[in-house]
Amino acid sequence: MPKADLVFTHGPVHTGDAARTRASSLAVTGERITAVGHDEVRELIGPGTEVVDLSGKLLLPGFQDAHVHAVFGGLELAECDLTGTNDAEASLRRIREFADAHPERTWITGGGWSLESFAGGLPTRQLLDSVVPDRPVYLPNRDHHGAWVNTRALELAGITKDTPDPSDGRIERESDGTPSGVLQEGATGLFAAVLPQRTAADRLAGLLRAQELLHSLGITGWQDALLGAFHGQADPSDAYLTAAREGSLTARVTGALWWDRARGAEQIPELVARRAELAHGRFRASAIKIMQDGIAENFTAAMTSPYLDACGCATTNTGLSFVDPTALRQYVTTLDALDFQVHFHALGDRAVREALDAIEAARAANGRRTARHHLAHLQVVHPDDLDRFAQLGAIANIQPLWAAHEPQMDELTIPFLGPERAGWQYPFGALLRAGATLAAGSDWPVSSPDPLAGLHVAVNRQEPDATDDRVFLPEQRLDLTTAVAAYTAGSAHVNGLDDAGTLQVGHLADLVVLDRDIFTAPPQEIARATVLQTYVGGARVYTAD
């Protein structure tokens with residue numbers, strides 16, 4: 001009997017396989033799993049077999065992130081990183097410290113500030129001027145749908161009170177029309193011509209930095225949700241292709257090519273050519289990213305009814321549909337026929353409906369195909385549309401970390417949605433009960449890439465460090481087995497990896513070892529677990545110190 005290269009013993013092993021959810025041993029030969037079971041697996045141990053004694057630690061399928069911006073996140077780790085700041089003073093202190101430490105930088109760039117750190121989610125140029133008056137500063141916020149700039153940056157970009165708002169964005173202004181220092185959505189593109197361009201070497205370093213972090217969190221593969229030039233950001237595709245060719249890409253990555261919403265169907269032949277070019281080893285760019293709307297906090301998420309104002313009265317604003325809904329149906333039908341997967345950003349209930357309508361049009365024209373279209377974010381889903389996910393085979397790509405009470409939700413979202421619509425937010429449980437397939441991701445660097453933190457919120461509907469007992473829409477909680485499946489088998493399904501995401505004989509040995517069995521611990525302790533080891537194709541890519 002051939003001996004295995006790697007054997008895990010003394011489980012638990014959570015397989016994710018409905019036929020046998022738990023085992024205690026697992027064997028790997030080459031890149032694939034060759035046995036799953038109990039004591040009989042030890043017969044595959046030979047003189048050259050590496051044996052990992054789990055000693056009660058949990059072996060799981062490797063996590064996959066179905067919506068992440070790895071290169072951008074890795075680049076920001078080396079810049080002015082405001083992640084985790086939650087007040088204006090902390091943000092400004094970190095900006096000043098970074099600027100003082102880097103006098104050689106002509107621009108101060110980075111990002112990650114939180115909307116709740118500033119009144120109304122709107123910091124000012126004057127605040128930035130107080131800490132960096134002599135150099136331009138450009139800092140996207142945590143969700144990357146807006147940017148904070150200082151006066152010098154506005155001057156270099158030529159943005160004045162006479163600059164009109166672009167059709168897909170907004171310049172926040174002072175009472176006399178002078179730009180106040182925040183640009184929303186497409187208005188950030190006004191800086192494209194003046195922002196310093198990162199080099200190919202910068203992008204590759206950012207990818208490898210991100211990969212190291214993601215592996216340390218048990219992530220073995222992901223879908224990069226934006227490959228293309230976007231609002232002054234250079235296309236990160238070259239980093240993936242270089243890493244794949246050089247052998248430094250150890251993760252399995254699907255790329256989603258950016259749909260330029262300023263153009264139409266004429267870009268499709270270019271996307272076909274790019275798909276053929278961007279395929280090597282563990283990397284392929286077989287998806288198309290269509291951003292259909294914005295975000296609720298700046299009132300650009302597309303809603304079926306108007307936002308409320310601060311007094312609770314209806315406004316005339318229902319958000320933005322970045323792609324005309326009729327044209328969207330035509331585009332998606334064509335992309336579907338070409339075997340592209342469509343990865344929608346759909347956050348408001350109107351955007352969700354428009355995306356589902358487009359998938360429905362594609363199904364009517366082309367029949368059922370294998371592209372596995374998916375809708376990411378799903379903050380507000382109208383109850384009438386819940387059943388359509390299963391009916392159309394549309395996958396619900398959830399970002400669980402956002403489904404909790406925290407200042408951005410309680411102060412900048414719920415009051416402007418109103419009580420009924422606020423109750424339609426992040427309906428994970430309702431989607432599951434309606435038969436939808438769930439995949440899960442982080443949207444990092446918008447929020448933490450840690451799957452264990454995401455699992456915690458999916459199960460508890462509370463942040464890991466919640467200081468009160470409020471549960472956000474408790475009827476939408478997921479059980480832990482379902483939540484883990486979304487982060488493993490569900491995301492593998494989205495990425496077309498039918499031989500990953502569960503621990504079965506013949507499947508890829510993409511694995512993660514946790515320091516405890518989260519299935520037997522209290523649900524409130526899920527986020528306390530840590531990753532000890534990560535394997536891709538049977539090769540160890542991370543070991544905790």
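Miscellaneous remarks
- Extension gain from residue 193 to residue 327, taking 0.36 nm per residue of separation minus the Cα-Cα distance: 45.3 nm
- The trypsin sites (Lys or Arg not before Pro) found in region 148-179 that occupy coil by DSSP, while having at most 13 further C-beta atoms within 10 Å, are 161.
- For residue 426, the shell of other residues with beta-carbons less than 11 Å away shows a net charge of +2, using +1 for Lys and Arg and -1 for Asp and Glu.
- Of the trypsin sites (Lys or Arg not before Pro) found in region 404-474, no site is in coil according to DSSP while having at most 11 other Cβ atoms within 10 Å of its Cβ.
- Normalised by the number of residues in the chain, the average gap of Cα pairs under 8 Å and 6 or more apart makes the relative contact order 17 percent.
- Remark: spin-label model distance residue 50-residue 135 equals 4.3 nm, labels positioned 7 Å along the Cα→Cβ axis.
- Crossing angle, helix 349-366 versus the chain [Cα axis fit, 0-90 degrees, rounded to tens]: 60 degrees
- For residue 439, the amide hydrogen comes within under 5 Å of the amide hydrogens of 396, 397, 398, counting only partners 5 or more places away or on other chains and with H modelled in the peptide plane.
- Amide H contacts for residue 180 (H built 1.01 Å from N in the peptide plane; partners 5 or more residues away or on another chain; cut-off under 5 Å): 172, 173, 174.
- Selection of trypsin sites (Lys or Arg not before Pro), region 231-308, meeting DSSP coil and at most 12 other Cβ within 10 Å: 263
- Here region 27-104 and region 494-514 have alpha carbon centers that stand 16 Å from each other.
- Neighbours of residue 318, meaning other residues whose beta-carbon lies under 11 angstrom from its beta-carbon, give a summed charge of -1 when Lys and Arg score +1 and Asp and Glu score -1.
- Counting only Cα atoms, region 280-494 measures 49, 41, 31 Å along its principal axes, largest extent leading.
- Helix 451-460 and the longest principal axis of the C-alpha atoms of the chain enclose an angle of approximately 80°.
A short reminder: the numbers here are calculations on the coordinates, not readings from a lab. From a predicted model like this one, the values you see are computed outputs, not experimental measurements. Heads up, the Cβs are rebuilt from the backbone with ideal geometry, glycines too, and the neighbour counts pull from every protein chain shown.
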